[in-house]
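This report refers to the structure that appears directly beneath it.
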Amino acid sequence: MIWTASDYVVVGVVKIHFVPYTIHIGSPETKIIKRLSRSLGTQLLSHHVRQGSMRAMQQLARDRLNACNILADSLRNAITKSALIFSLVKLELGHLREQWEQILLAERHEKNKKVEALETLDQMLMAFPQDSDPMRSDLMAIQKRFLDLSLPPEKGKNWVAMQIQERWKDLLQRFPQKAETAQRAWQAIGKLRDALHYGKDPEVLGSYQGMPEELKQAWVRLIYENTDRFNGASLEELIKILGNPDLGIPSRERSRRVLTQLRVLAENMAQLERNTNFLLRHVLNGGENGFSAEWVNGKRAKQDLAVSAPIDKGTGILFPTLLE
């Protein structure tokens, strides 16, 4: 092959057939062939370079996407695990509710109605026949678990309905009892639901004079509000109230420190999520809009990026939402 020993890159060969002995050096045919060869050679070389550039760009895009996916996956795992922050906040709120209700019970010299209702249900279960033991034992374990929980009223009522009331319904259908027994069980379950509102009951609150009325109302509103979503503003207000010495909660200072640390951690994770979303979008889009560090932490990033929105519809990169 004529190009195997060439020092040049051969991108194509043009072969033109002529009648033998019809071409002479310097003839018009040789000039046309030279011009044609140069023209075709230039076009072929340009095409080769263009195709090589396109392949390089495609490979770069693939490498960039793979790098973003690896980074997104690593950070997604970290942000997903940060949901533990919200769980710890809810746990601390439950602890504060328990202390508040204990203060009210001691002030009014009353027994815990939730405990009384569960004790009644446990005593009734002991009267069921021996062959009901699997269902009976399961129900007793669920009732004991509920006693260890401190849920907001709405969540608590749902928990009672799904976990306790439904099990009692199945038990009574499987092992029928006297009408009085069933009625007594439903009354105890109703008493259990009502006990969930004890700490925010207007009559109970009106009888407690251990703190200013405005502080008391704000305190009760914050610790009993629905905690389906992380609310940074409410948490900040609660931390401020916990700093008030008039509150009179035994673990006031400890809870204030814990919630302050959790709030800072949650804000850092939210900032990490926003910054990562912005940077990944910038890289995936090729950076054609320019880049400035001010956009990451400034108003532009907060306006352009919704935390719960995907980075790119074609990449599947999406981070979970932690904060409102």
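The values are calculated or read from the model by the stated rules, or taken from the named source; none is laboratory data. Predicted model, so just to flag it, every value in this text is computed and none were measured. Note that we place each Cβ from the backbone using ideal geometry, even for glycine, and neighbour counts take in every protein chain shown.
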Considering Leu172, Leu196, Leu125, which residue is of a type in the set (A, V, I, L, M, F, W, C), in contact with a Pro (Cβ under 6 Å, 6 or more places away or on another chain) and modelled with pLDDT under 90?
Leu196
Among (1) within 29 Å of Glu166 (Cα to Cα); (2) part of a helix (DSSP H, G or I), Ala127 falls short only on (2)
Hits in region 221-237 (condition: free of Cβ contacts under 8 Å to residues at least 24 places away in the same chain and of a type outside the set (Asp, Glu)):
Arg221, Leu222, Ala233, Ser234
Looking at region 157-165, can you tell me whether even one residue there is surrounded by 14 or more Cβ atoms within 10 Å (Cβ to Cβ), free of Cβ contacts under 8 Å to residues at least 60 places away in the same chain and β-branched (Val, Ile, Thr)?
yes
Return only the number of the condition from (1) touching a residue at least 40 places away in the same chain (Cβ under 8 Å); (2) touching a helix residue (DSSP H, G or I) at 6+ places or on another chain (Cβ under 7 Å) that Asp122 does not satisfy.
(1)
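For (1) among the small types (Gly, Ala, Ser); (2) at pLDDT 75 or above; (3) part of a loop (DSSP other than H, G, I, E, B), each residue gets a yes or a no:
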residue	(1), (2), (3)
Val11	no, no, yes
Ile23	no, yes, yes
Gly26	yes, yes, yes
Glu29	no, yes, no
Leu36	no, yes, no
Ser39	yes, yes, no
Do we have Asn231 as at pLDDT below 85 and within 20 Å of Pro152 (Cα to Cα) here?
yes
Loosely packed, with under 13 Cβ neighbours inside 10 Å, in a helix (DSSP H, G or I) and touching a residue at least 24 places away in the same chain (Cβ under 8 Å): which single residue out of His95, His47 fits that description?
His47
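Applying the selection to region 166-195, what residues are small (Gly, Ala, Ser) and either crowded, with 18+ Cβ neighbours inside 10 Å or touching a residue at least 12 places away in the same chain (Cβ under 8 Å) (or both)?
Quick first cut of region 166-195, residues small (Gly, Ala, Ser) only: 179, 182, 185, 188, 190, 195.
Within region 166-195, Ala185, Ala188, Ala195 meet the criteria.
I need the full set of residues from region 147-156 which are surrounded by fewer than 17 Cβ atoms within 10 Å (Cβ to Cβ) and part of a helix (DSSP H, G or I), in order please. Before you say what the answer is, go through the steps one by one.
Of the residues in region 147-156, the ones surrounded by fewer than 17 Cβ atoms within 10 Å (Cβ to Cβ) are 147-149, 154-155.
Residues satisfying the conditions are Leu147, Asp148, Glu154, Lys155.
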